[in-house]
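Have a look at the structure below, then the notes.
Any read-out appearing in this document is the output of simple, stated calculations on the displayed coordinates, not a laboratory observation. All values reported here derive from a predicted model rather than from experimental measurement. Don't worry about glycine lacking a Cβ; one is built from the backbone with ideal geometry, like all the others, and counts go over all protein chains shown.
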Amino acid sequence: MESKVTQPVLEIDDIRVTFDTADGPVNAVRGVSMHVMAGETVAVVGESGSGKSQIMMAAMGLLAGNGRAEGAVRYRGTDLLTLAPRALNDLRGAKITMIFQEPMTSLDPLYRIGDQLIEPLRVHGGLSVKAAMARALELLKLVQIPNPEAKLRAYPHEMSGGQRQRVMIAMALANDPDLLIADEPTTALDVTIQAEILELLAELQARLGMSILFITHDLTIVEAFADRVYVMRKGLLEEEGPTEAIFGNPQTDYTRMLLAAEPDGTKAPVAEGAPVLLQGDDVRVTFGTPAGLFSKDTTLTAVDGISLALHKGQTIGVVGESGSGKSTLGRALLQLLPSEGRIVYQGDRIDGLDRAGMRKYRDELQMVFQDPYGSLSPRMTVGEIVAEGLSVHEPNLTRDLRNAKVSQALKDVGLEESFRNRFPHEFSGGQRQRIAIARAVILRPDVIVLDEPTSALDRSVQKQVIELLRRIQVEYGLSYIFISHDLAVVRALSDYVMVMKEGVVVEEGPTAQIFDTPATAYTRDLMRAAFDLKSLLLEKAG
Amino acid sequence: MLSYAIRRLLGAIPTLFFIITAAFFMMRLAPGGPFDQERALEATVMANLNATFGLDEPLWKQYVIYLGNLVRGDMGPSFVYRDLKVHQILAIGLPVSIKLGGMALALAMLVGSALGSIAALRQNSAVDYGVIAVATFGITIPNFVVAPVLLLVFALYFDIFPAGGLNGWQSYVLPVIALSLPQIAVVARLIRGAMIEALRSDHVRTARAYGLPTRMIVIKHALRAACLPAISYMGPAAAALLTGSIVVEQIFGIPGIGRYFVQGALNRDYTLVMGTVIVVALFVVIFNLIVDLLYALLDPRVRYD
């Protein structure tokens, strides 16, 4: 071990990545050098657009067609950038392997897990199908997938995100690599699954001794996981050093900002006796169809008898892992999905109303969705998007008045009025989420259901959106139902929290109570994975 | 899978029934009848003819009789080709049309996939633009233009292939090409688009990151996904080839069912038209089922249990 540590496995020397676009060349990476020693875990941290992923893409020869890389990326002395494709293919997947951010799409949906796992084994190791399958089974056991024999024959869509990421790790380990590049491997996963995957990686590294290059935007992971850290910003290296030094004594404002970007503050509970705006009694949502003459029973109860009362000015945080039914609950409360049980808005029963019946309540009950990229029509200008609700709910508005309202809404969410004529694709994720919020607040609703509105955003941007949501809540007396898997954000925004699991509420109460004295083991696990990753990983390693 | 197929076929019965009913009555709404000629026949002759073919009965009774016969597999006598029953005519013409259409479909899928894949792999190159140009050309030029040009060049001018009739495999070459050209164009465009998307997908990136050879990535991981939209198109394409063969069959003098479709309609040959409508409807139903099963075979996410 000692002699190995002296030699870098990977050496990146003044790398530059440029993309040719219709608007001229874009310099995504502008001269960055870094190295990874044998057995070391190195983290590259930066917000979206910092170029951290593009360095790895360039190193692995995976840049998009319009991208090119200059400089050098040396694997044990061999420059990967100038290597012939065939020689590069001998290294990729064998000595250097990669796992990606998107466990849902990184595996080919059309082939069984086993068939995909054996491909690199057969190509690089020259194994027979039978030998490769045996090795694949070993690998699945290594990454601790339950029921590995059956999983070999399973298709990716039959597995959860966490399981798929384990399969990716198995594939990465197949040929005993020297270096594993992990590009945001846990970003798309729930906190508890994230903790499990990180535990697994740490454990496997201790056992197998490969180096890990970890790319992430999430500093909390880095602190628990990495030996050294590189901080990137806008294509340049901002700061580098051992993890303790970066966390204990950051040298640049940017790093300090990243460290301080954890959402903070809390929300005071609403006054006793505040009126109830929206109330749900024993709400149930079922998908699928019961067994028929020729078909199996495919029913799935996503929300199983949940009751809640949202008071004026209140924010109810609904937390839970993916599949817990929290988004379904939010949609059912606004009758965007058919549901059973009573839903009452300001004394009127709105459950069972059809689209026309719901229309008069829609301006009071608004929703903001998670995906700031998918939820805005790419063919409408920002002004049109924000004004669209007005044309339905206040059709008699004069053009001037409508324009004034749009301007006000844009101002409310901290955007410039001049943005109204631009299209969504010209904006960053954070700005798009502001547009989505502007579209909701322009109707002066009573209630906004926010479905993971900050989950796709960088921490620093998240913080701004949280501030914005706080400000307009006070300004316009809004009530929120805030759905999120991100406990830190929920703690900052909500005064009442409901913890959901498998369609039911396992625990609920005032925010401080849930966070300080969680009553159930499930909530405690969630808290620990979210706030105490380091001790969790140390415990596992020690 | 089998129970799904059976369910689908059972589900098609009401559809077919509706099509037969609609076709039956719409046909009778058209002015004129099978025995109208330029000079009207004598009233007694006409009455005799009508009585012979059962056309003097009330319409609803004719309908019931027709359905009854149909269930027994009897499509009734043709009013124009009086020596033959309709199902006998179809038995002669249908195999020819199916052979022609099947070959055209196979050719379209093969050539279209190849062209589309090549264009996608060389996206925005001269090859790509060439394929798109040819594809656009193939879609826009109707086959009643393409077919005579092919005839003129390859049969009359160069005398490589026969100009008409059915004598050996050579006589299939030109009609199959004429028939498949527009379909090749559509398939090539579909495959090109889907292939470009597939090559950019995350799992293809994974395959590249794991050093798999390009040939394996393209054929195993990209093309299979890229085929899916083309497979979906096979249903409408098969229907288009069967009905679109009318023009090509006429031009090349091929005894398929296309000519009966036209002649039957022009002559108000009620039973013949009904027969061809039923055949085409059946064909569409069956082909859509085949397409769905094929789709499920290629994409495990949509398998039917």
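Taking only the C-alpha atoms of region A:395-483, the Rg (one decimal) and the largest Cα-Cα distance, Dmax (whole number), read 13.2, 41 Å.
Across the options A:Leu526, A:Ser460, A:Gly503, the greatest Cα extent toward the positive end of the charge dipole of region A:396-542 (unit charges at beta carbon of Lys, Arg, Asp, Glu) belongs to A:Ser460. Between helix A:382-393 and chain A there is an angle of about 30 degrees, using the helix long axis and the longest principal axis of the Cα atoms. Within a straight-line Cα-Cα reach of under 19 Å, A:Lys360 cannot be paired with any lysines, leaving aside sequence neighbours fewer than 8 residues apart in one chain.
The spacing between region B:1-49 and region B:247-304, judged by their C-alpha centroids, is 16 Å. Beyond 26 Å, what percent of the Cα pairs of region A:2-259 remain? More than 26 Å apart: 41 percent of the Cα pairs in region A:2-259.
Pairwise inverse Cα distances across region B:115-224, averaged and inverted, put the Kirkwood hydrodynamic radius at 16.0 Å. A simple spin-label model places pseudo-atoms 7 Å from Cα toward Cβ; at B:Leu70 and B:Gln170 they are separated by 4.4 nm. In the elastic network of chain B, a GNM with C-alpha springs shorter than 10 Å, the most mobile of B:Tyr295, B:Tyr129, B:Tyr233 is B:Tyr129. Using the charge dipole of region B:86-302 (Lys, Arg: +1 at Cβ; Asp, Glu: -1 at Cβ; taken about the Cα centre), state which of B:Ala133, B:Ala222, B:Ile177 has its Cα farthest towards the positive end. So the residue furthest toward the plus end is B:Ala222. For chain B, complete DSSP H runs whose alpha carbons reach 27 Å or more along their own long axis and whose mean Kyte-Doolittle score is -0.5 or higher are B:2-29, B:86-121, B:170-199, B:224-252, B:270-298. Here, P(r) means the percent of Cα pairs in each 5 Å bin from 0 to the largest distance; for region A:291-394 it is 2, 9, 16, 18, 18, 16, 11, 5, 3, 1, 0.
Taking only the C-alpha atoms of region A:52-204, the Rg (one decimal) and the largest Cα-Cα distance, Dmax (whole number), read 15.6, 46 Å. Beta bridges from DSSP with both residues in the protein assembly as shown: antiparallel share about 55 percent, rounded to the nearest 5.
Residue order for B:Ile191, B:Ile251, A:Ile221, fewest other beta carbons within 10 angstrom first, comes to B:Ile251, A:Ile221, B:Ile191.
Normalising by the residue count of chain B, find the relative contact order in percent from Cα pairs under 8 Å and 6+ residues apart.
On the way: 356 pairs, mean separation 82.2, N = 305.
Reported as a whole number, the value is 27 percent.
Using alpha-carbon pairs under 8 Å, 6+ residues apart, how would you state the relative contact order of chain A in percent?
Once divided by the residue count of chain A, the mean separation gives 15 percent.
Straight distance only, please: which lysines reach the Cα of A:Lys52 with their own Cα at less than 30 Å, same-chain residues fewer than 8 apart left out? Those lysines meeting the cut-off are A:Lys4, A:Lys95, A:Lys234, A:Lys463, A:Lys534, A:Lys540. Placing unit charges on the Cβ atoms of the charged side chains and taking the dipole of the protein assembly as shown about its Cα centre, the candidate lying farthest along the positive direction among B:Gly101, B:Gly116, B:Thr15 is B:Gly101.
Suppose we take every Cα in the protein assembly as shown and form the convex hull; what volume per residue is that in Å³? Present the calculation step by step, with values, prior to reporting the outcome.
Working: hull volume 201.9 nm³, N = 847.
Per residue, the Cα convex hull of the protein assembly as shown comes to 238 Å³.
Helix A:161-173 axis versus longest C-alpha principal axis of chain A: approximately 10°, rounded to the nearest ten.
Before anything else, pin down the relative contact order of region B:58-162: Cα pairs under 8 Å, at least 6 apart, normalised by residue count, whole percent. Let's see the in-between values first.
Numbers: 35 pairs, mean separation 9.1, N = 105.
Value for region B:58-162: 9 percent.
Dipole check for region A:316-401: with +1 at the C-beta of Lys and Arg, -1 at the C-beta of Asp and Glu, and the Cα centre as origin, the magnitude is about 140 Debye.
Taking Cα atoms only, the orientation of helix A:429-441 departs from the longest principal axis of chain A by about 10 degrees. Within region A:2-259, DSSP assigns beta bridges of which about 60% are antiparallel (rounded to the nearest 5). Of B:Phe158, A:Phe531, A:Phe100, B:Phe261, the sequence from fewest to most neighbouring Cβ atoms within 10 angstrom is B:Phe158, A:Phe531, B:Phe261, A:Phe100.
Per residue of region A:334-339, what does 6.51 cos²θ - 1.76 cosθ + 1.60 with θ = phi - 60° give for ³J(HN,Hα)? Whole Hz please, x for Gly and Pro, Karplus curve as stated. These are the phi-based 3J(HN,Hα) values: 8, 6, 8, 9, x, 9 Hz. Note on A:Lys151: aspartates and glutamates with a C-alpha under 20 Å away, same-chain residues under 8 apart excluded, are A:Glu102, A:Asp108, A:Asp115, A:Glu119, A:Glu138, A:Glu196, B:Asp299, B:Asp305.
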